[in-house]
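The values are calculated or read from the model by the stated rules, or taken from the named source; none is laboratory data. All values derive from a computational prediction rather than experimental measurement. Cβ placement follows ideal geometry from the backbone for every residue including glycine, while neighbour counts extend to all protein chains displayed. Surface accessibility is based on the protein's heavy atoms, side chains included, excluding ligands, DNA and RNA. Shrake-Rupley method; radii C 1.70, N 1.55, O 1.52, S 1.80 Å.
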Amino acid sequence: VSGTPARAATSTTISANGNSGGRTFDGIGAISGGGGNSRLLRDYPAAQQSQILDYLFKPGYGADLQMLKLEIGGDANSTDGSEPSIEHTRGVVNCNAGYEFWLAQQAKARNPNIAFYGLAWAAPGWINGGFWSTDTINYLISWLGCAKADGVPVTYLGGWNERGYDANWYINLRTALNNAGYSGVKIVADDSGWDAADAAASNSAFNNAVSIWGAHYSCQGGDGGNANTCSSDSAAQANGKPLWDSEQGSQDMNTGAPALIRAITRGYLDAKMVSYFNWPLIAAIYPNLPYATVGLATAGSPWSGAYTIGANTWATAQVTQFTQPGWKFLDAGSGYLGGSESNGTYVTLKSTNNSDYTTIVETTTASAAQSVTINVSGGLSTGQVHVWSTNVNNPSSGSSLVHAQDITPSNGSYTLTVQPGYVYSITTTTGQGKGTATSPANAALALPYSDNFESTATNTEAKYLSDMQGSFEAQPCADGRSGQCVQQVTPVIPIEWQNDSDAFSLIGDPTWSNYTVKVDVDLRQAGTAELLGRAGTQSRPQGNQNLYKFRVSNTGAWSIVKNYSSGSSTTLASGTVGALGTGSWHTLGLTFQGTQITATVDGGTVSTVNDSTFLSGQVGIGVVGYQTDMFDNLTITP
Ligand code: 147
């Protein structure tokens, strides 16, 4: 037999020595926020909602997250939506706002040890002095009060997502937290890069105020990239406080799994980072929004209950189900297979009982099988080890979180073979497991669909309605109408994180094609309201979306506008109807039939235009600016 002689397999000896030094592991988390990404999970049918939550949080079932970062909603778009603030107007606090506290309660019910971390992307516009102000500090303390009242113990608090730092603000935040009874809340700075840690070297007051240095996308590649290597800087490593990869990911739930596991192991090896937060937790968003398959799972179909658990869930489980926050990395048991990054990496962590340990080996960059020998010493258990594996390079449900083998060490030593493209967890612990719940089939939302908002509680969001900018919440109807309406309740432009747009909210199935959408509107101030139809692909920022807008103002001025995801727009028709005035109810309508678009006010046709650009899409309501207009009786009929 002739051919290429086989290369000698790489072999690596790992020293699992309980006496080795290393940093403390703080845990693996994910981010619900930055934002709007968990929105539709709230409206899932109870059975599937519970299954999805189990896959994310239930110990021994799925991702088994050890931490959860929550967006502190600021009424402005933070990527895939606008999360509601607890305080739309100064002094009026509603601790039931939005879905983050609900999500945290669900996480805590499944894992009482999960740790919570709050971070703001945007903030309400009543705040004086910009984000780095005393108003914001007081606002964050109000949010902590809501968290406490809602049974969500918050351990970590950040500043402003990816907007750098103001050292004096963090110093003042520390003092204010202490004075308000939150001395146990640890400050993370600055959810951007490592500059804050560098500055702390020559600013002891700042250094004393901060407990953790959290930087974003410290592993190469970031948004859609590979994360082959990670970095922090020497000042951050010399500082002594924990270093966190406080946001990383932005990867498809399946193809992102190799980068996810690399960021965890190489985050420690290359950058001494002891925590990893995946962005985002879940893509519970409409499929026409950006990042619709990015997260640990997807849940974009609340009417059908369909969901998908991604390989990112199983890559996460390979760490979370085999460790606990507070365990220690063992530096002697952590490194590159065969001394080279191209073969893969391994980290070893020991339990707080100084006996159990887990070695995580990833071979995502390897091209051949390798041999790994583990020598156990320094008081660690020499008992049987259990080997679990996930094929992350070519994921399938059958090859995810598989209990592959059990090995009994001989004289504290054992050898196993690892295949390329995998993550292995080699552990003395038990209790791991893989959930078995399955998703129903996906289906479109059937028409006709309507909501008169009567069953929506005051200050909460209407079913399926997903805010993109501003905040739309149920309120008792005004101006002579009884019952519940939906009101745009963000009265002034927020302190934004992403660019401004009109305040608007989307609902429905992107596959809807020919339909009539109607909504009653009450202009509460002078200005223009919008009815949106055939809303399709959205790109960033949120105003860049393929859709048609029917705009009508209190003066009666109207227009039909075609808006593109590129950001450009064209007015298809415009004119004037009888003045709508303010403080009275009117009905706006849009009918799409093939290429014909008909706009109506109070049942009378205002205009018919022909346009063939967008042939299907969702509906939406909005205002041009931030008026607190009211909407009622949304109907979509085929
Ligand atoms: C992050 C934001 O913090 C998230 O809210 C979300 O918008 C996410 C989408 O990818 O983006 O910001 C990033 C900042 C830096 C990188 C990637 C995302 N990066 O350098 O690759």
Across (1) under 30 Å from Phe322 (Cα atoms); (2) open to solvent by less than 10 Å² (accessible area, probe 1.4 Å); (3) not small (Gly, Ala, Ser), Thr136 clears everything bar (1)
In the range 182-200, residues that are part of a strand (DSSP E or B) and open to solvent by 10 Å² or more (accessible area, probe 1.4 Å) total 2
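Per-residue answers, yes or no, for (1) within 19 Å of Arg42 (Cβ to Cβ); (2) aromatic (Phe, Trp, Tyr):
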site	(1), (2)
Ala235	no, no
Trp244	no, yes
Asn254	no, no
Asp270	no, no
Ser275	no, no
Ala284	yes, no
Pro290	no, no
Pro302	yes, no
Verdict on Trp585 being at pLDDT 95 or above, among the hydrophobic types (A, V, I, L, M, F, W, C), touching a Cys at 6+ places or on another chain (Cβ under 9 Å) and under 22 Å from Asp451 (Cβ atoms): yes
Residue hits (the range 29-71; more than 29 Å from Trp497 (Cα to Cα), in contact (Cβ under 8 Å) with a residue 60 or more places away in the chain and hydroxyl-bearing (Ser, Thr, Tyr)) are Tyr55, Tyr61
Across (1) within 22 Å of the chain's Cα centre (by Cα); (2) away from the ligand (no atom under 14 Å from the Cβ); (3) at pLDDT below 95, Asn254 clears everything bar (3)
Within the range 487-531, the residues that are open to solvent by less than 30 Å² (accessible area, probe 1.4 Å) and among the charged types (D, E, K, R) are Asp509, Asp520, Asp522, Glu530
>> Criterion first (loosely packed, with under 13 Cβ neighbours inside 10 Å, of a type outside the set (Phe, Trp, Tyr) and under 25 Å from Thr316 (Cβ atoms)) does Ser397 satisfy it?
In response: yes
Those residues of the range 588-613 that are of a type outside the set (A, V, I, L, M) and buried (at least 21 other Cβ atoms within 10 Å of the Cβ) come to a total of 2
Picked from the range 149-181 (must be touching a strand residue (DSSP E or B) at 6+ places or on another chain (Cβ under 8 Å) and among the hydroxyl-bearing types (Ser, Thr, Tyr)), the residue surrounded by the most Cβ atoms within 10 Å (Cβ to Cβ) is Tyr170
* Asked: Quick one: is Ala63 away from the ligand (no atom under 16 Å from the Cβ), open to solvent by less than 10 Å² (accessible area, probe 1.4 Å) and over 13 Å from the mean Cα position of the chain (by Cα)?
  -> yes
Output for Cβ contacts, cut-off 8 Å, separation at least six or different chains, first residue assigned to a helix (DSSP H, G or I) in the range 233-254, second of a type in the set (Asp, Glu), reads Ala235/Asp198; Ala236/Asp198
When the range 377-404 is checked residue by residue, the ones that are in a strand (DSSP E or B) and under 19 Å from Thr438 (Cβ atoms) are Thr390, Val402
query = Could you say whether any residue in the range 449-466 is farther than 25 Å from Ala120 by Cα and β-branched (Val, Ile, Thr)?
reply = yes
Filtering strands (runs of 3 or more DSSP E) wholly in the range 295-369 for at least 3 residues that are in contact with a Gly (Cβ under 8 Å, 6 or more places away or on another chain) and open to solvent by 20 Å² or more (accessible area, probe 1.4 Å) gives 328-336
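Let's see how each residue does on (1) part of a strand (DSSP E or B); (2) touching a strand residue (DSSP E or B) at 6+ places or on another chain (Cβ under 6 Å):
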residue	(1), (2)
Asn459	no, yes
Asp479	no, yes
Val486	yes, yes
Ile493	no, no
Does the range 208-222 include one or more residues that are of a type outside the set (A, V, I, L, M), away from the ligand (no atom under 14 Å from the Cβ) and surrounded by fewer than 22 Cβ atoms within 10 Å (Cβ to Cβ)?
yes
Checked pairs for the range 546-559, first within 30 Å of Asn288 (Cα to Cα), second part of a strand (DSSP E or B) and aromatic (Phe, Trp, Tyr), C-beta under 6 Å and 6 or more apart or across chains, list as Val552/Trp558
Result of the Cβ filter at 6 Å on the range 571-582, keeping first residues that are more than 18 Å from Tyr548 (Cα to Cα) and partners that are aromatic (Phe, Trp, Tyr) and outside any strand (DSSP E or B), at least 6 apart or interchain, is none
Among residues of the range 257-280 being within 12 Å of the ligand (Cβ to nearest atom) and under 15 Å from the mean Cα position of the chain (by Cα), the residue farthest from Met468 (Cα to Cα) is Phe277
Q | Selection status of Thr516, modelled with pLDDT of 95 or more and more than 23 Å from Thr598 (Cβ to Cβ) | A | no
Checked against (1) among the acidic types (Asp, Glu); (2) away from the ligand (no atom under 16 Å from the Cβ); (3) under 27 Å from Ala457 (Cα atoms), Asp26 satisfies every condition except (3)
Considering only strands (runs of 3 or more DSSP E) wholly within the range 500-570, the ones with at least 2 residues that are under 17 Å from Pro287 (Cβ atoms) are 503-507, 528-535
Pairing a residue in the range 203-222 that is over 11 Å from Gly193 (Cα atoms) with any residue that is within 12 Å of the ligand (Cβ to nearest atom) and assigned to a loop (DSSP other than H, G, I, E, B), where Cβ atoms lie under 7 Å and the two sit 6 or more apart in sequence or on different chains, gives Cys219/Ala227; Gln220/Asn226; Gln220/Ala227; Gly221/Ala227; Gly222/Ser250
Picked from the range 70-127 (must be among the hydrophobic types (A, V, I, L, M, F, W, C), away from the ligand (no atom under 16 Å from the Cβ) and in a loop (DSSP other than H, G, I, E, B)), the residue most open to solvent (accessible area, probe 1.4 Å) is Val92
Restricting attention to the range 166-194, the residues that are within 16 Å of the ligand (Cβ to nearest atom) and either touching a Cys at 6+ places or on another chain (Cβ under 9 Å) or over 17 Å from Pro242 (Cβ atoms) (or both) number exactly 0
- Look at Thr89 and say whether it is of a type in the set (Ser, Thr, Tyr), modelled with pLDDT of 95 or more and out of contact with any His (no Cβ under 6 Å at 6 or more places or on another chain). yes
